[in-house]
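Enquirer: Submitted below is the structure of interest, expressed as structure tokens.
The values are calculated or read from the model by the stated rules, or taken from the named source; none is laboratory data. Since this is a predicted model, take the numbers as computed values, not measurements. Every residue, glycine among them, receives a Cβ derived from its backbone with ideal geometry; neighbour counts consider all protein chains shown. Areas reflect the complete protein model, heavy atoms only, side chains present, ligands, DNA and RNA absent. Shrake-Rupley method; radii C 1.70, N 1.55, O 1.52, S 1.80 Å.
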2 protein chains.
Amino acid sequence: MNIGIIGLGLIGGSLGWDLRVQGFRVLGVSRREETCQQALALGIVDRASMDLSLLRDADFVFLCTPLSVIVSTFKSLISYLSPDVIVTDVGSVKTSIVRELSSLWPHFVGGHPMAGSEYQGLDGAQRDLFVGRPYVITPLPTTSETTVTKVRDLAQRLGATVYQCSPEEHDRAVAWISHLPVMVSASLISACLQENHPEIRRFAELFASSGFRDTSRVGGGNPELGVMMARFNREELLRTLGDYRQQLDQLITDIEQENWLSLEEKLTATHHARKKFVK
Amino acid sequence: MNIGIIGLGLIGGSLGWDLRVQGFRVLGVSRREETCQQALALGIVDRASMDLSLLRDADFVFLCTPLSVIVSTFKSLISYLSPDVIVTDVGSVKTSIVRELSSLWPHFVGGHPMAGSEYQGLDGAQRDLFVGRPYVITPLPTTSETTVTKVRDLAQRLGATVYQCSPEEHDRAVAWISHLPVMVSASLISACLQENHPEIRRFAELFASSGFRDTSRVGGGNPELGVMMARFNREELLRTLGDYRQQLDQLITDIEQENWLSLEEKLTATHHARKKFVK
């Protein structure tokens, strides 16, 4: 089976690597000639090109470009594909992309492998990136069972734990655990920059330790990715931000009113609840 | 030199271990007989007792109890101490404690070793916990240079990087990088608990990954410690929470108004600024 991958970054590169090792023939497309050469040199792909026509022979295509160009990239690709090719994407927001691509291609299933690393691009690609990680697939009720099974099978071959839900359920769930944390964490860094006494700023920078490092990590990440999350999952993200702000206000009120019993109840609840999210 | 340690938890236990290995005679006091026996068995102390009179022979005392009982513990201890004993504490908030203890004891210097772990109590004690970590000492202008030097020397022997500032500067700086993150992170967990669709809650729990794990870590920590931070550093914490709320509101406004350029500017600023806090 020939597997096409468009976008040879962290996710696309890692996918290619794992699948090629498993005996699939991997055809990679990148916008940059240098990336094509690097992917060939690393043995991540069998063939690489800047030209989408390379995917004429593909039986299965992964769209691994940034969110904002997934739909336009697929529109450019469509004329090269034979009608029974199965197409999936790896975008971190699903509703709008699944709606558009499903109307263009019956054998499309949205996907979101929830793996990452602090690195970006093909330099960050690694073997077994998806092992033990959630891989969410978001078929529509109209998607054929055969198509869904083929996407699920490939995700399982990567060692991922596959979950299935609707695109809307996906986007609402990831707003809580992926997109809201970015905004919460970024606001923490922004707030620290408001300290206008230089000596205090210096001490804050010197004293910052693991607590600050962890809480600020996703807010100090890739700015373009943060904007994409907000653009593509705006409505769900705003809903979670509204709930977040309410919780923050209640906690501020407890501290203002020195209601330590209420604060302790809240912190005890979060202490216990976190265990459900962090295994 | 005989070093007394009151409170044999994570910090007190780790201090005792390191200092004993360096040849000091370590006298440990705990509220619980079981902890005294455990500390002796682990070789963390030379002698252990539930009775403060054990510290009659101490030349130097570390107060390592929870914040809320540091002052009362010292008041009970005072009748056993010879007048030239040097006393320090390890509390994470300094102003109120330094004010009270300095008025009771001229040879007192506030301290805050900024080390921790996910474990609590003596079970979490470890060798070299302080190596390379900040250790802030907060003498008053009236504290004698000899006293300050002795506290500084012991902190340096632990391998820590010693910083010196006023208690007020300490409390304002740690509000930003230690206490604010706890409240920001706890509010994130609280917000997720507001999702009232059970299926979405379940997906959120299943999909939660390293981003959520890191951002929620300090908000899911020890509730008593969180309340202590808020009680003892209430004013500074409220000031940082006010600034945080403003930054959050501006970010929500950007997303509501689809002002992606402004959002990208903010996320670019946080991306760069984080590097100053995280070395």
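Enquirer: Go through (1) in contact with a strand residue (DSSP E or B) (Cβ under 7 Å, 6 or more places away or on another chain); (2) part of a helix (DSSP H, G or I); (3) closer than 23 Å to B:R274 by Cβ and name the single condition B:Y163 misses.
Expert: B:Y163 satisfies all of (1) in contact with a strand residue (DSSP E or B) (Cβ under 7 Å, 6 or more places away or on another chain); (2) part of a helix (DSSP H, G or I); (3) closer than 23 Å to B:R274 by Cβ except (2).
Enquirer: Within the range A:235-279, how many residues are over 22 Å from the mean Cα position of the chain (by Cα) and outside any helix (DSSP H, G or I)?
Expert: 3
Enquirer: Still on this model: Given the conditions (1) small (G, A, S); (2) in contact with a Ser or Thr (Cβ under 6 Å, 6 or more places away or on another chain); (3) part of a helix (DSSP H, G or I), report the number of the one that A:G110 does not fulfil.
Expert: The failed condition is (3).
Enquirer: Can I ask one more? Would you confirm, using the coordinates I've provided, whether B:M228 is closer than 23 Å to B:K94 by Cα, of a type in the set (A, V, I, L, M) and more than 7 Å from chain A (Cβ to nearest Cβ)?
Expert: Yes, satisfied.
Enquirer: How many residues does the range B:207-221 hold that are within 18 Å of B:G9 (Cα to Cα) and crowded, with 24+ Cβ neighbours inside 10 Å?
Expert: Number satisfying all stated conditions: 0.
Enquirer: From the list A:V151, A:V184, A:V136, exactly one residue is in contact with a strand residue (DSSP E or B) (Cβ under 9 Å, 6 or more places away or on another chain), of a type in the set (A, V, I, L, M) and over 28 Å from A:A41 (Cα atoms). Which is it?
Expert: Exactly one of A:V151, A:V184, A:V136 is in contact with a strand residue (DSSP E or B) (Cβ under 9 Å, 6 or more places away or on another chain), of a type in the set (A, V, I, L, M) and over 28 Å from A:A41 (Cα atoms), namely A:V136.
Enquirer: I would also like to ask the following. Given the structure, is A:A173 touching a residue at least 12 places away in the same chain (Cβ under 8 Å), under 30 Å from A:A273 (Cβ atoms) and either open to solvent by 50 Å² or more (accessible area, probe 1.4 Å) or in a helix (DSSP H, G or I) (or both)?
Expert: It is false that A:A173 is touching a residue at least 12 places away in the same chain (Cβ under 8 Å), under 30 Å from A:A273 (Cβ atoms) and either open to solvent by 50 Å² or more (accessible area, probe 1.4 Å) or in a helix (DSSP H, G or I) (or both).
Enquirer: I'm trying to understand the selection: among the residues of the range A:87-112, which are in contact (Cβ under 8 Å) with a residue 60 or more places away in the chain and over 19 Å from A:G13 (Cα atoms)?
Expert: Residues satisfying the conditions are A:V93, A:K94, A:T95, A:S96, A:I97, A:V98, A:R99.
Enquirer: Tell me the residue from A:E224, A:E265 that is open to solvent by 40 Å² or more (accessible area, probe 1.4 Å) and under 17 Å from A:S185 (Cβ atoms), please.
Expert: So the residue among A:E224, A:E265 that is open to solvent by 40 Å² or more (accessible area, probe 1.4 Å) and under 17 Å from A:S185 (Cβ atoms) is A:E224.
Enquirer: In this structure, is A:D249 free of Cβ contacts under 8 Å to residues at least 60 places away in the same chain, farther than 27 Å from A:T95 by Cα and either facing chain B (nearest Cβ under 8 Å) or of a type outside the set (G, A, S) (or both)?
Expert: Taking the combined requirement at face value, the residue satisfies it.
Enquirer: Conditions first: (1) without any contact (Cβ under 8 Å) to a residue 40 or more places away in the chain; (2) open to solvent by less than 10 Å² (accessible area, probe 1.4 Å); (3) charged (D, E, K, R). B:D18 passes all but one, so which condition is the exception?
Expert: Unmet for B:D18, out of (1) without any contact (Cβ under 8 Å) to a residue 40 or more places away in the chain; (2) open to solvent by less than 10 Å² (accessible area, probe 1.4 Å); (3) charged (D, E, K, R): (1).
Enquirer: Let me ask you something else. So B:A204 fits all but one of (1) facing chain A (nearest Cβ under 8 Å); (2) open to solvent by 20 Å² or more (accessible area, probe 1.4 Å); what number is the exception?
Expert: (2)
Enquirer: Can you find even one residue in the range B:25-39 that is out of contact with any Cys (no Cβ under 9 Å at 6 or more places or on another chain), among the polar types (S, T, N, Q), touching a residue at least 12 places away in the same chain (Cβ under 8 Å) and surrounded by fewer than 16 Cβ atoms within 10 Å (Cβ to Cβ)?
Expert: Looking through the range B:25-39, none of the residues is out of contact with any Cys (no Cβ under 9 Å at 6 or more places or on another chain), among the polar types (S, T, N, Q), touching a residue at least 12 places away in the same chain (Cβ under 8 Å) and surrounded by fewer than 16 Cβ atoms within 10 Å (Cβ to Cβ).
Enquirer: Exactly one of (1) more than 7 Å from every other protein chain (Cβ to nearest Cβ); (2) touching a Cys at 6+ places or on another chain (Cβ under 7 Å) is unmet by B:N233. Its number?
Expert: (2)
Enquirer: For the range A:243-262, give me each residue that is hydrophobic (A, V, I, L, M, F, W, C) and open to solvent by 40 Å² or more (accessible area, probe 1.4 Å).
Expert: Within the range A:243-262, A:W260, A:L261 meet the criteria.
Enquirer: Moving to a separate point now. Just the residues that are closer than 22 Å to B:G211 by Cβ and either open to solvent by 80 Å² or more (accessible area, probe 1.4 Å) or β-branched (V, I, T) (or both), please, taken from the range A:149-163.
Expert: A:T161, A:V162
Enquirer: Residues of the range A:178-201 being facing another protein chain (nearest Cβ under 7 Å), over 27 Å from the mean Cα position of the chain (by Cα) and either assigned to a helix (DSSP H, G or I) or of a type in the set (V, I, T) (or both), which ones?
Expert: Hits for the range A:178-201 are A:C192, A:E199, A:I200.
Enquirer: Another question, then. For the range B:49-60, which residues satisfy the criterion of being in contact with an Asp or Glu (Cβ under 9 Å, 6 or more places away or on another chain) and in contact (Cβ under 8 Å) with a residue 40 or more places away in the chain?
Expert: Passing the criteria: only B:D59.
Enquirer: Could you tell me which numbered condition B:S210 fails, if it satisfies all but one of (1) under 22 Å from A:H271 (Cα atoms); (2) within 7 Å of another protein chain (Cβ to nearest Cβ); (3) small (G, A, S)?
Expert: Failing condition for B:S210: (2).
The rows are residues; the columns are (1) open to solvent by 20 Å² or more (accessible area, probe 1.4 Å); (2) farther than 24 Å from A:R172 by Cα; (3) not β-branched (V, I, T).
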site	(1), (2), (3)
A:P66	yes, no, yes
A:S72	yes, yes, yes
A:S79	yes, yes, yes
A:S82	yes, yes, yes
A:V93	no, no, no
A:R133	yes, no, yes
A:T147	no, yes, no
